[in-house]
Amino acid sequence: MVENKPDIVSVIGSEITLTKKGSRYYALCPYHSEKTPSFIVNSDKQTFHCFGCLAHGDSIHFIQKLHNLSFPEALSYLGIEQKKLSPRKYREVQKQKEIKSIKKELGEIYREWEKDFYTELCELCREFDLLKLAIKTEADLDRYAWLYLLQTDWKFWLEILRGENDKLKYGLYRKIGNNFEGHTLGDNEWK
Ligand SMILES: [Zn+2]
């Protein structure tokens, strides 16, 4: 039994992003890949549990499993024991932390982009549907033919964003990223 265990919420919260709901905290499980959080931290019981991969334990288990540490190493890591990590293990942990924070940052950038791009595409499709109602003559149709072509892209991209295929999504991000020039109905380009 370890005395003075650090609070599980602050331990886990400093490693992954936690969202508070009532007295519980939710997160995307760091031990398996998932899109909706099934990882729950219970601050009353000072335990975590994942309903996806069934990982379970206290703050020490969490750190052990996350950084692949032995029990005494996890105690050192958490500052519970004075004994230092071996330099090799220390470097390993630092490297893991670095990689994780880069991944986290990239993930955040991507999610932000995905959200904005999705909203923008929905808005474009909606505006285009309105515009179609206004098209009456063949001359109009010719004038807006290029928009019909663009719309095919928009719908295709929306399908990718709505889907579950991360590779396609990432490919879309690589291809379009922040280079997408949005249009709005207010722009002269539409007229
Ligand atoms: Zn899990």
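The values are calculated or read from the model by the stated rules, or taken from the named source; none is laboratory data. Note that the structure is predicted; figures quoted are calculated from it, not measured. Here Cβ is always computed from backbone atoms with ideal geometry, including for glycine, and neighbour counts include all displayed protein chains.
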Of those in segment 36-67 that are charged (D, E, K, R) and either within 12 Å of the ligand (Cβ to nearest atom) or in contact with a helix residue (DSSP H, G or I) (Cβ under 8 Å, 6 or more places away or on another chain) (or both), the residue farthest from K103 (Cα to Cα) is D58
Just checking: which of the strands (runs of 3 or more DSSP E) contained wholly in segment 1-117 hold 3 or more residues that are exposed (fewer than 13 other Cβ atoms within 10 Å of the Cβ)? 19-21
Could you count how many residues in segment 150-159 are surrounded by fewer than 15 Cβ atoms within 10 Å (Cβ to Cβ) and either closer than 16 Å to R111 by Cβ or of a type in the set (A, V, I, L, M, F, W, C) (or both)? 2
Residue satisfying all of: in segment 13-25; closer than 16 Å to K104 by Cβ and of a type outside the set (S, T, N, Q); farthest from the ligand (Cβ to nearest atom) among these: G13
Between residues in segment 11-35 that are free of Cβ contacts under 8 Å to residues at least 24 places away in the same chain and residues that are assigned to a loop (DSSP other than H, G, I, E, B) and small (G, A, S), which pairs lie under 6 Å by C-beta distance while being six or more apart or on different chains? H32/G52; E34/G52
Against the definition (in the same structural domain as K169 (by TED's automatic domain parsing), over 20 Å from K175 (Cβ atoms) and touching a residue at least 40 places away in the same chain (Cβ under 8 Å)), how does L124 come out, yes or no? no
